[in-house]
Every structure is written in structure tokens, then in C-alpha cells.
Amino acid sequence: MSLNISNHNKSRNSPVFIKDIRLVIPLFLLNKLKNHPLTQGTYPVSLGKTTHQENVKINHLSARHHCLIYCQSGSAIVDHKNRKREVNRGDLVICSPDEQLLFSTKPDKNNAFFWINFTGNLAQDFAERLLMKMDDGLANVGLLTNIINDFDDLLALGSRGYTATNVIHAVHVLQQALSFLALQLRLTAFKSNATFDIDDIETLMRNNLHQELSLDTLAHYSRLSKFHFAKKFKELTDTAPIQHFINMKMQQACSELDNSDKTIKVIAESLGYSDPYYFSRLFKKIIGMSPKQYRDSRHK
């Protein structure tokens, strides 16, 4: 990945931004990251932030790592997969190894772009979680304060020093950021195309933990057919609607077992289960232990 400014200076593997922040992970450290069990999954190769007001170009070609760019403010043009598109505030761009990408910022006093090159045994898996909800490597996730803070935390690694503790922490900050971005992309994509509000559905479930809710009731509330509702719900939560409702009941049961002296029978009845034995079997199937074992475990 290289940067061309007016004088066409180029770096070996990462952009050089005048008066901006750049951190290139030293070779000795990359070798350690590649082999350490706590870091080999996904780790940064280089990263930085540009607030350059003039035109800046980033070329990503035949690299062995993934490239991610996040726009905090400003605007740019990305040329990727034979498509030229505009990048604006809150947009995320990702490019896989051996793909060509040309990223050109527009002259703007508000320009603020974060970029990171990352690799590792799980890098492709993280990238795929992002790409599945993106339009050929571009999507809007909005202005995310926690992601900006994560990038700042990563960039501070150079000043904190390359101790094992600092580096391991930085790697997991990166993984946390990638995981959160994948979640945010999923939520954004779903809400932009959704025919119902998942928050409303979960509120309905939470307000009815004391009784049963049928798929018919949930679908009717959402004004969708049962099939369409169940399909859309599972796309967002990875869980069928009724199973999600049951899981919420079991979470409430755990809270009651932890924070009250109510009998298991009373807890079961408060969650709509008239048969405490059925409730106990269901609880064990989901939680992995019986209600009594769960309650007893808090004292161990």
C-alpha cells in the first residue's frame, strides 16, 4: 500500500502522510505477532490517520494484507473493482489481499481518515463478516465514537512501547473494532431494509415474559406473514423468533435465581411455565445445568 502526493513519494508497504500519524509495526514484532497464540489470529501491519487538506492518493495493489479505511470526516473517491464511488463521513472501505484499490481524498480542511492494514490466520474471516453486508467493499456505518477511540488507542501503541502486554492489548482492540463494525454493518443494513423494528419486537417479548407468545402473534404485530417475519428476524439475530423469546425467558430466570430466594416453581410460573419439571429441563438444555445447580453455583 503506497501513497502518492504531489512529489510522488512512495513508502514500502504503507502510506506516508505529511504531518499525520503513521505507525509501521517493526519486522521483529510482526514475527512475534504471527506466532503468538494470543495475536496470530488478526494483527496490524501498519496503520495511521490523515487529516491532510490536499489531495492524497492511496494505492493498494498485490499486498498480502487486508486494507480498511474509515472516514471520520471529509470526502474521497474510491476506485475499486472497476467502480468509482464517493466516500463520505461514516463510510467504511475494505480491500482484500491482491485486489487493486485507489483511494483519493478531495481537498477539504475537514479531512480525517483512519486506515489500517491487517493480516493473520483469522483476517479473512473478519473481512468476510464485514464484506457480506457491504457493497463491493463500501458501506456506511455512521460516525462511531468507539471506533475512533479504538483507532486512537491503536495508534498510541508506538508511544507506549512494544511490550508484550501493550501489543497483545492492541491486537485485541483491533479485533474488537472489526467485530463491532461487522455488527454495526448488519444492524445498519437490516434497519435500512427492514419492514419492522427489531427493538419493538424485543420490547414486546420482554413485556410478555410471563406468558406465551406465538409466531402468529409476533408476525401479526409486525404486519408480516409468518414466513417473512421469521426469515427477517433470523437474518438479524441468527435465531428463530420463538427460540429468541425462550432465551430471553431463561436469561430472566438466571437473574431471578441469582437475586432472589423464590422457589424454582414460582420462577417457572412467573415465566409462563405451569410445569416446573418442563421448565427445569428447558433451562438445563439452554443454560447447561439445572436451575438448582445454577443457583448453587453462585456460592462456589
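Just so it is clear, none of the values below were taken in a lab; they were calculated from the coordinates. This structure is a prediction, so every number in the text was calculated from the model and none was measured. Every residue, glycine among them, receives a Cβ derived from its backbone with ideal geometry; neighbour counts consider all protein chains shown.
Going from the residue with the fewest nearby Cβ atoms within 10 Å to the one with the most, ARG85, ARG206 rank ARG206, ARG85.
Each Cα pair under 8 Å and six or more residues apart adds its sequence gap; the mean of these over the residue count of the chain is a relative contact order of 13 percent. Local charge for GLN175 was computed over the other residues whose Cβ lies under 13 Å away, with Lys and Arg +1 and Asp and Glu -1, and equals -2. Selection among MET134, PHE28, SER179 by position relative to the dipole of the chain gives PHE28 as farthest towards the positive end (Cβ unit charges, Cα centre).
If N is the number of residues in segment 198-297, what value comes out of its Cα radius of gyration divided by 2.2 N^0.38 Å?
Taking the Cα Rg and dividing by 2.2 N^0.38 Å, one obtains 1.14.
Among the listed pairs LYS249/LYS284; LYS49/LYS133; LYS249/LYS292, a Cα-Cα separation exceeding 19 Å is found for LYS49/LYS133. Listed values [x] 19.6; [y] 16.7; [z] 18.7 include one computed from this model; for mean projected area of the Cα convex hull in nm² that value carries the label [x].
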